[in-house]
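Okay, here's the structure, questions in a sec.
The values are calculated or read from the model by the stated rules, or taken from the named source; none is laboratory data. Note that this is a predicted model, so its numbers are computed, not measured. Heads up, the Cβs are rebuilt from the backbone with ideal geometry, glycines too, and the neighbour counts pull from every protein chain shown.
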Amino acid sequence: MKKLVEIIFLISIVIYAIANKDSLTNTWQLAYHKYFPCRSPIYYSIGEFDTRFGISKEHFIEDLATAEKIWEDPMGKDLFKYSSNGNLKINLIYDSRQQTTDELSNMDSSLDNSRGSYDRLTAQYNKELLAHNQKSSDFESRLANFNARKGNYERDVAMFNRQGSVSTDVKNRLNTERDYLNTESSAINQLQTELNSEIAKLNAMVADINQNANSLNAGVNQYNRISEPLSEGFNEGLYRSNSKGQEIDVYQFSDDTKLVRVLAHELGHALWLEHVDDEDAIMHRLNTSENMQATESDLEEVKTVCKIK
Ligand SMILES: [Zn+2]
């Protein structure tokens, strides 16, 4: 009975294919895999291959083999096979999506640089501020000490002036104190000038830090704005099938892990797998996980589609 169904099916496919003047092989293979899922491997080959992604064809084929194994190993079945004229064409298509990914990766390193110089500037500022505050507090106590001694000196001078005469000893002491006060006064003025120029320098550093923070924020905002449309789904790849055959287009990937995941996901669609809810799953609608193995829900989906108990 099962054999009869297959024969009737084959005849109807042949009639359909001739009537539609489509490639018999394509139509047959597509329909065969749909109605007799997972019975024989899907043969795939490389179609368009844009070198702007910066990976070699050999590397791409290796990644495809890794992606295959994600399904084949747990199922213990040969589900996909590379063949130079395989019916399922895998295309690597460079467009704005990958361009954006490359742009983001450049932005990422320039943001790292900005972040680094912002951190360095802030650390330098904090160090200089600490030293300045220490110097400033030393200055305050030295100034207070100076003012006290100056007050005493002026009081003594006023007192001796009222008395009219002073001993040589007292006169010498007062002269020594006056000399000290003059020297200390110019040292304090010098220190005050230094502190003022330090404050000006610290203020300039704050302005610099703020400018850095603003451009860093602007950079982060721009990065988020550009990357937002990329995080919407598995739009790094697309599986499509029509009378001309089956194709997988890969548009974008940020690293090898993501590429293998995209390939495994789209190969899954070529097996007629649907999306599953598990975020770690290969067949989740978003390629956010780093998981490289088919999850329980992936395998449930394969078993359902492949009609395996
Ligand atoms: Zn999908």
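For the stretch 33-60, which positions are assigned to a helix (DSSP H, G or I), surrounded by 15 or more Cβ atoms within 10 Å (Cβ to Cβ) and either in contact with a Pro (Cβ under 6 Å, 6 or more places away or on another chain) or at pLDDT 95 or above (or both)?
Phe60 - this is the single residue of the stretch 33-60 that is assigned to a helix (DSSP H, G or I), surrounded by 15 or more Cβ atoms within 10 Å (Cβ to Cβ) and either in contact with a Pro (Cβ under 6 Å, 6 or more places away or on another chain) or at pLDDT 95 or above (or both).
Ok, one more. What is the residue count in the stretch 270-290 for residues that are in contact with a Phe, Trp or Tyr (Cβ under 7 Å, 6 or more places away or on another chain) and under 26 Å from Leu104 (Cβ atoms)?
Of the residues in the stretch 270-290, 3 are in contact with a Phe, Trp or Tyr (Cβ under 7 Å, 6 or more places away or on another chain) and under 26 Å from Leu104 (Cβ atoms).
Scan the stretch 270-300 residue by residue and report those that are aliphatic (A, V, I, L, M), closer than 19 Å to Glu62 by Cα and not in a helix (DSSP H, G or I).
Ile282, Met292, Ala294
Mind checking which pairs have a first residue in the stretch 230-252 that is closer than 23 Å to Ile55 by Cα and a second that is at pLDDT below 80 and within 11 Å of the ligand (Cβ to nearest atom), Cβ under 8 Å, 6 or more apart or different chains?
Tyr251/Asn235; Gln252/Asn235
Residues in the stretch 248-269: is at least one over 22 Å from Glu58 (Cα atoms) and more than 12 Å from the ligand (Cβ to nearest atom)?
No, the stretch 248-269 has no match at all.
Another one. With in contact (Cβ under 8 Å) with a residue 12 or more places away in the chain and surrounded by fewer than 15 Cβ atoms within 10 Å (Cβ to Cβ) as the only criterion, which of Thr304, Thr288 stands out?
Within the list Thr304, Thr288, the selection yields Thr288.
Results for (1) under 30 Å from the mean Cα position of the chain (by Cα); (2) more than 16 Å from the ligand (Cβ to nearest atom); (3) under 30 Å from Asn287 (Cα atoms), shown as yes or no for each residue.
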position: Gln192; (1), (2), (3): no, yes, no
position: Ala200; (1), (2), (3): no, yes, no
position: Ile209; (1), (2), (3): yes, yes, no
position: Asn224; (1), (2), (3): yes, yes, yes
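With assigned by TED's automatic domain parsing to the domain that holds Glu72 and modelled with pLDDT under 90 as the only criterion, which of Gly245, Gly268 stands out?
Answer to the selection: Gly245.
Can you tell me which residue within the stretch 61-93, out of those that are closer than 22 Å to Asp255 by Cβ and touching an Asp or Glu at 6+ places or on another chain (Cβ under 7 Å), is surrounded by the fewest Cβ atoms within 10 Å (Cβ to Cβ)?
Asn91
Also: So which residues in the stretch 78-99 are in contact with a Pro (Cβ under 6 Å, 6 or more places away or on another chain) and either charged (D, E, K, R) or not assigned by TED's automatic domain parsing to the domain that holds Lys57 (or both), if there are any at all?
Across the stretch 78-99, the qualifying residues are Asp78, Lys81.
Against the definition (touching a residue at least 60 places away in the same chain (Cβ under 8 Å), part of a helix (DSSP H, G or I) and in contact with a Leu (Cβ under 8 Å, 6 or more places away or on another chain)), how does Tyr125 come out, yes or no?
Against the criterion (touching a residue at least 60 places away in the same chain (Cβ under 8 Å), part of a helix (DSSP H, G or I) and in contact with a Leu (Cβ under 8 Å, 6 or more places away or on another chain)), Tyr125 qualifies.
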